[in-house]
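Taking it in order: structure first as C-alpha cells, then the write-up.
The values are calculated or read from the model by the stated rules, or taken from the named source; none is laboratory data. The shown structure was predicted, so the numbers you read here are calculated from the model rather than taken from an experiment. Please note: Cβ atoms are built from the backbone with ideal geometry, for glycine as well, and neighbour counts cover all protein chains shown. With ligands, DNA and RNA removed, areas are computed over all heavy atoms of the protein, side chains included. Shrake-Rupley method; radii C 1.70, N 1.55, O 1.52, S 1.80 Å.
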Amino acid sequence: TEAMLNLAEIVKALGDWPAARDAYAAALTLDPESPKLHLQHGMTLVTLGDWAAGWPEMEWRRRGGAAPR
C-alpha cells in the first residue's frame, strides 16, 4: 500500500494527474479503509474535474488520520 501511495505522490508531483488517480485507486484495493488514501484520491478526482466521485472520497477526512500532504 505504501509503495502505491508513493507512486501516486510521485506521478502527481510530475503533473500526471490521471496516473495519480489510477495509482490511488490501486492502493485503495489493497487498503480500502484508509482515510488518507480516500482523501488523496478524492482531491485528485476533484482536480481532474470529477466532483461527483471526488467529494464523497474527500469526506473520508472526517474519519481521522487523513491530513493532506
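Miscellaneous remarks
- The residues of the chain present an accessible area of 56 Å² per residue when probed at 1.4 Å with all protein chains retained.
- In a simple Cβ point-charge model (Lys, Arg +1; Asp, Glu -1; nothing else charged), the chain has a dipole of about 240 debye relative to its Cα centre.
- Portion, in percent, of the accessible area of the chain that falls on carbon or sulfur, probe 1.4 Å: 61
- Shape parameters for the chain, alpha-carbon atoms, Rg then Dmax in Å: 10.6, 29
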